[in-house]
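Notes follow once the structure below has been shown.
No lab work stands behind these numbers, since they all come straight from the coordinates. Remember, it's a predicted structure, so these values are computed and weren't measured experimentally. Every residue, glycine as well, gets a Cβ built from its backbone with ideal geometry; the counts of neighbours run over all protein chains shown.
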Amino acid sequence: MSKAVFIQNPVSVYDDRPGEAYHFPKRYLRIVQETIGDWVIFYESRKNKGAFGYVSVQKVLDVIPDPHKPDHYFAILEPSSEWSFEQTVKRAAPDGLAFEHSLRADDGRPMSGGANVSAVRRLTELEFASIVNHGMQELTGPETLPRQADQNQPDTIYGFAEMQAPFGPAPMSSFRPDILTSRQYRDPSFQRQVKAAYGGRCAISGIELRNGGGRPEVEAAHIRSVKDGGPDIIRNGLALSGTLHWMFDRGLISVADDQRILISHNKVPKETVVRLIARDQKLILPRNPRHHPHPDYLRYHRENVFGQMG
C-alpha cells in the first residue's frame, strides 16, 4: 500500500464522481493500484474555481476499468471515509518549503511545471502526515466553538452525538493513522466546519442564537448519517437548532432539490411550523457555493429518512 495525491478539480474533463470514484488514464494505473487499502489526499488547482490547495483525505477501496472508455480506470473510494480539511493547505508550508519533495525547486520552494502537471503523485508517510496535520488545524472564531459542556461531566456528549471539542493543541498535531477513522477527532472537526460555513445560523429557522460565551446554539447535523455511510464533509452537513436537528434526524422535515423545506404535516402541527421554520420555508444556504448541501445527500435523506419514522 502507498499514499498519494489525486488532483480533482470542481469541473473536470474526467468522469469523476467526487466522494465515490476518481477517474484517471492508464498512465497512472500502477501508482493508483498501490493506494488500494490506503489513504489519498485530494488537491484542487486554480482551474474552474478550485481551492488551489489540498482539501480532503479519503480511503481507496479498489481500482476497476472504465467499461466505456478504453485505457481509463476508476479508483473506487470509501464514501464514509471522506474528511474535509478544516484549512485548505497550500503547496508550501509556512516555512516556504513545498510539502511534496518532488515539487521542490533547488531552494525548496514549489516549482512550476515538472511533477506539478501529474494528476497522481506518490506521497511518503512523512509528507502525508505533514499535509494532514496542517489541514486539520482547527478553525477559529465564534461560529466554530462548541456549545458549553456540562460542567459536571466535561467529557460527555453535547447536542445529539458530538463530543466536546478539545481545547489546546490541534487534534492532528501528533498524527497517527487511526486518527483518520476516530470519531473523537472527526466529530468536533465536522462540527466546527459546518458551523463556520453557516455562520452559526440555523439553516432552517434562520435564527442565530448564542450563549453567554458567544458560542452558537446550533448543531452540525449529518444529512446522510454516519451509521448510514455519510462522510464528514460540509456538503453532508446542515447547521440546525437542537429541536430542528431532532426533527431532521427523525424524518419529520427534509429538503427538496430546490431548497424548499419539506414537512411531514400529519406529524408536525401548523403552529410548530410557524414557530420553528423560516417564513419562506426555504433552506438558508452558506455564502460559499462550495459548501452548499450536495443533492445526492439530500436525495438520500428524502428517500430513506423523511416520513419513515414517527
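How much length is gained on full extension from TRP246 to GLU303, taking 0.36 nm per residue of separation minus their Cα-Cα distance?
Extra length from TRP246 to GLU303 when fully extended: 18.7 nm.
For ASN116 and ILE76 in the same chain, what is the full-extension length gain: residue separation times 0.36 nm, less their Cα-Cα distance, in nm?
Taking 0.36 nm per residue and subtracting the Cα distance, the gain is 12.0 nm.
Given R₀ = 45 Å, FRET efficiency for ALA93-ASP280 by Cβ-Cβ distance, to 0.05?
Computed FRET efficiency for ALA93 and ASP280 comes out at 0.50.
How far, in degrees from 0 to 90, does helix 183-197 lean away from the longest principal axis of the Cα atoms of the chain, to the nearest 10?
The answer is roughly 70 degrees.
Calculate how steeply helix 295-304 sits against the longest principal axis of the alpha-carbon atoms of the chain, using the helix alpha-carbon long axis, and give the answer as 0 to 90 degrees to the nearest 10.
50
Which order do LYS90, LYS47, LYS59 fall in if you start with the one that has the fewest other Cβ atoms within 10 Å?
Fewest-to-most ranking of LYS90, LYS47, LYS59: LYS47, LYS90, LYS59.
Report, largest value first, the span of the C-alpha coordinates of the stretch 3-135 along each principal axis, in whole Å.
Between the extreme Cα coordinates on each principal axis of the stretch 3-135 lie 45, 30, 28 Å.
Could you sort out which of LYS49/LYS90; LYS90/LYS195; LYS26/LYS90; LYS195/LYS267; LYS3/LYS26 sit more than 25 Å apart by Cα distance in this structure?
With Cα atoms farther than 25 Å apart: LYS26/LYS90; LYS195/LYS267.
Assuming R0 = 30 Å, can you tell me the calculated FRET efficiency for the pair ASP15 and LYS227, based on Cβ-Cβ distance, to the nearest 0.05?
0.50
Hey, fewest Cβ within 10 Å first, where do VAL218, VAL274 land in order?
Final ranking by Cβ density, sparse to dense: VAL274, VAL218.
Which order do LEU103, LEU276, LEU126 fall in if you start with the one that has the fewest other Cβ atoms within 10 Å?
LEU126, LEU276, LEU103
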